[in-house]
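Heads up: the structure comes next, in structure tokens.
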Ligand SMILES: [Zn+2]
Ligand SMILES: [Zn+2]
């Protein structure tokens, strides 16, 4: 995806398949999403999300990964979309971008 994307565009892939990466000494570390920081490609997976509000959770994962592509790191605010999941699903606690993350995205041209 990264190689096929126009440098001025972002590609977001949505999948129902489980995805994983190698993290530290764990070869197959399961993820809800992954994105280059910064970069032009990211993916969000519904596989590890709860059935109850899967669409809303997938939206939050997708916007988190897009945030990474715009250079945003993980955020210490536990309600911010850029919170690090750290192997758990906290998406129901996320309410939006905190003011710090929001300002980075507004500077990048997002309409929030
Ligand atoms: Zn992240
Ligand atoms: Zn934040």
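We did not get these values from a lab; they are worked out from the coordinates using the rules stated. Computed from a predicted model, the values in this text were never measured in an experiment. Cβ coordinates were reconstructed from backbone atoms using ideal geometry, including for glycine residues, and neighbour counts include every protein chain displayed.
How high is the relative contact order of the range 11-107, in percent, counting Cα pairs under 8 Å that sit 6 or more residues apart?
Relative contact order comes out at 23 percent.
For the range 84-112 and the range 1-65, write down the distance between their C-alpha centroids in whole Å.
The range 84-112 and the range 1-65 have Cα centres separated by 15 Å.
From the Cα gyration tensor of the range 3-59, with a ≥ b ≥ c the square roots of its eigenvalues, which class applies: rounded if a/c is under 1.5, or else prolate if a/b is larger than b/c, or else oblate? Walk me through the numbers before you get to the answer.
Details: a/c = 2.61, a/b = 1.21, b/c = 2.16.
Oblate, since a/c reaches 1.5 and b/c is not below a/b.
Across the Cα atoms of the range 11-107, what radius of gyration and what greatest pairwise Cα-Cα distance (Dmax) are found, in Å?
12.7, 37
Highest mean first, how do 51-64, 20-33 rank when packing is the count of other Cβ atoms within 10 Å averaged over residues? Intermediate values should be presented prior to the final figure.
Values: 51-64: 17.1, 20-33: 13.0.
Final packing ranking: 51-64, 20-33.
What FRET efficiency, computed as 1/(1 + (r/R0)^6) with R0 = 41 Å and r the Cβ-Cβ distance, is obtained for residue 26 and residue 110, rounded to the nearest 0.05?
Numbers: r = 33 Å, r/R0 = 0.80.
So the FRET efficiency works out to roughly 0.80.
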